[in-house]
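So the structure is just underneath, and the comments pick up after that.
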Ligand SMILES: Nc1ncnc2c1ncn2[C@@H]1O[C@H](COP(=O)(O)OP(=O)(O)OP(=O)(O)O)[C@@H](O)[C@H]1O
Ligand SMILES: [Mg+2]
C-alpha cells in the first residue's frame, strides 16, 4: 500500500499555493513537512484528505483514485485519513469521552449518531484510547477545561477511534510547551510504529522533524525543494527550504523554530522562493 500525489497543483486566484508536487508515501512511513509560513504545507495536507481539492493532478491510495471520490466513498476516505490540528478542534462543552467517541461518527448509522447513542464497545474503545494517551482520568471533564497538551491528546484519541490508515497532523505542537510537545510527538510516533499508520505532519521546527520523522519533505513557494532523510538535510538543504532572511542573512537551523514564523510571517508576509529552489523546480 502507498499514497501518491501525482503532479498536484492548487491555485487560489492567481496565486499558486502548491505547485506540481509529486510524492509517493509507502504505508507506515512517518513524514515531516517543513517550510516557511505560506510555503503550502497546510494546503498540501488538506488536499490529501480532500478538505481542499487540487486544481490539477491526482491523488491515489494504491488502486483507489482518491481525487475522484464522491459521496459516501469520499466520506469513507476522510474517515481513513484522520486529521489533527494546531487548535485541537474539540467540542469544548462536551466531555472528553464524548469528544473521543465522535471519532466513530462516520462508522455508524446516522440515526444513532443523532441520538447520541454510543455502544458499550465504543465506550470501551474510547476509554482504551484515552488510557493509551495517559489521560483516562479526564474522561468526564468538559474538553474545554483541559490543558492544551491534554486537549491535543484527546484529539489524537478521537483520531484513533476512526481506525485510520493515515494520520494527518497540521502543526500539532505549535501551541504547546516543550514538555507537552514531546508527549504529543511521542504519541504520534508510537501510533506510527505500533499500528503501522502513516503519519504526515507539518512542523514548524526542524529539530522536531529531525528527531521524529524518517522522511522530511521541505517546501518553498509551493514546490517540494527537499525530500530525504534527516541525515540528508544538510545546511545547503536547509537554505533551499528556508532561504535567507530579508536582509540577506543566512538562516541557520537554530532559527527555524516557531519564533521565525510568528513574527512577520504570521502577519501575512509571504517569503519569496529561494533562487536555488526555483532553479530546481
Ligand atoms: N483559502 C485560501 N484562499 C486564498 N489563498 C490561500 C488559501 N489558503 C491558502 N492560501 C495561500 O496559499 C499559500 C499557502 O498557504 P498554506 O496555508 O498552505 O501555507 P503553510 O505552509 O501552511 O503556512 P503556515 O506555516 O503559516 O501555516 C499562502 O500564500 C496562502 O495565503
Ligand atoms: Mg499551515
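The values are calculated or read from the model by the stated rules, or taken from the named source; none is laboratory data. Since this is a predicted model, take the numbers as computed values, not measurements. In this analysis, Cβ positions are derived from the backbone assuming ideal geometry, glycine residues included, and neighbour counts consider all displayed protein chains.
Key figures for this structure:
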| item | result |
| --- | --- |
| Residue within the stretch 9-17 that is within 24 Å of residue 229 (Cα to Cα), assigned to a strand (DSSP E or B) and within 16 Å of ligand 1 (Cβ to nearest atom) present | no |
| Filter result for residue 246 (touching a helix residue (DSSP H, G or I) at 6+ places or on another chain (Cβ under 9 Å) and modelled with pLDDT under 90) | no |
| Hits in the stretch 135-148 (condition: surrounded by fewer than 20 Cβ atoms within 10 Å (Cβ to Cβ) and part of a helix (DSSP H, G or I)) | 136, 137, 144, 145, 148 |
| The listed residue being at pLDDT 95 or above, assigned to a strand (DSSP E or B) and within 15 Å of residue 20 (Cβ to Cβ), out of 59, 44 | 59 |
| Condition check for residue 29: at negative phi, modelled with pLDDT under 95, out of contact with any helix residue (DSSP H, G or I) (no Cβ under 6 Å at 6 or more places or on another chain) and buried (at least 18 other Cβ atoms within 10 Å of the Cβ) | no |
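Let's see how each residue does on (1) farther than 25 Å from residue 214 by Cα; (2) assigned to a strand (DSSP E or B):
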position	(1), (2)
4	no, yes
20	no, yes
28	no, no
51	yes, no
76	yes, no
84	no, yes
91	yes, no
100	yes, no
